[in-house]
1. Within segment 83-98, which residues are of a type outside the set (A, V, I, L, M, F, W, C), at pLDDT 95 or above and over 13 Å from the mean Cα position of the chain (by Cα)?
2. Can you pull out every residue in segment 53-105 that is in contact with a Ser or Thr (Cβ under 7 Å, 6 or more places away or on another chain) and among the aliphatic types (A, V, I, L, M)?
3. Answer yes or no: is there a residue in segment 112-133 that is among the hydroxyl-bearing types (Ser, Thr, Tyr) and closer than 19 Å to residue 43 by Cβ.
4. From the list 146, 179, which residue is modelled with pLDDT of 95 or more, β-branched (Val, Ile, Thr), under 20 Å from residue 44 (Cβ atoms) and within 15 Å of the chain's Cα centre (by Cα)?
5. For a quick check of your reading of the model, give me the residue pairs whose first member lies in segment 131-149 and is touching a residue at least 40 places away in the same chain (Cβ under 8 Å) and closer than 13 Å to residue 92 by Cα, whose second is outside any helix (DSSP H, G or I) and charged (D, E, K, R), with beta-carbon atoms closer than 7 Å and at least 6 apart or on different chains.
6. Cβ contacts < 7 Å: first residue touching a residue at least 24 places away in the same chain (Cβ under 8 Å), restricted to segment 102-113; second residue surrounded by 18 or more Cβ atoms within 10 Å (Cβ to Cβ) and acidic (Asp, Glu), any location; separation 6+ or different chain. Result?
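The values are calculated or read from the model by the stated rules, or taken from the named source; none is laboratory data. Just so it is clear, the model here is predicted, and its values are computed rather than measured. Here the Cβ positions follow ideal geometry from the backbone for every residue, glycine too, while neighbour counts run over all protein chains shown.
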Amino acid sequence: MKTSFLTLVFALALSACSKQDAPAVPTAPVAASASSYDNVAANGKGFTVGAMMSAQPVYVIFEPQCPHCGHLWQASLPLQNQVKFVWIPIAFSAGKSVAQAAALLTAPNPVEAMSAHEQSVLAGQGGIAEASSVSEELAKSIKGNTQLLNSLGVDSVPYLIAKNRKTGEVVSNNGALDTAALATLLGIN
């Protein structure tokens, strides 16, 4: 029993990345409100994948170097035929993350670029090649995304905010989920 409990605590401790680049122990989901959802919808700058005609987008704020974000990306892939996801990159540090976020935002095929990136991150290879230069406008968008996360009172990623399809309630989650848990949160199962 002791081993199972320790395994659970360790698994929970590894479900999100924090600003300090160290795993954060997730807390209860941040209270999500309609105004938070609207704020992210209006101010987040990201790329859209999945069911483009879906009326209720799911917003995911992620950090390119966060492996937990990679796990959430992989969990979202089977749901992309039912859900429109907007992936909003932030950068906890000004280094590699900003340039990779810029590369993902400007990729001609975001699904392909993000899949290759997350596969590389999860394999410990650091992700896709960074953009050779980042325009001031793009850097400002990424910085704005990071400030948006902070304004929500959230300090770890991945952070997801959406409207549950069954109830219409705004829901949120910090940390990675598997596909089944993600579908349940979104009300699509």
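1. Step one: list which residues in segment 83-98 are of a type outside the set (A, V, I, L, M, F, W, C), which gives 84, 89, 93, 95-97.
Remaining after also requiring at pLDDT 95 or above: 84, 89.
Scanning segment 83-98 gives a single hit, 84.
2. Of the residues in segment 53-105, the ones in contact with a Ser or Thr (Cβ under 7 Å, 6 or more places away or on another chain) are 63-65, 68, 75, 78-79, 83-86, 90-91.
Matches in segment 53-105: 75, 79, 83, 86, 90, 91.
3. Taking segment 112-133 first, the residues among the hydroxyl-bearing types (Ser, Thr, Tyr) are 115, 120, 132-133.
So of that shortlist, the ones also closer than 19 Å to residue 43 by Cβ come out as none.
No, that holds for no residue.
4. Details: 179 fails: under 20 Å from residue 44 (Cβ atoms).
Answer to the check: 146.
5. Listed pairs, sorted by first residue: 144/45; 145/45.
6. Taking only residues 6 or more apart or on different chains, the pairs are 103/130.
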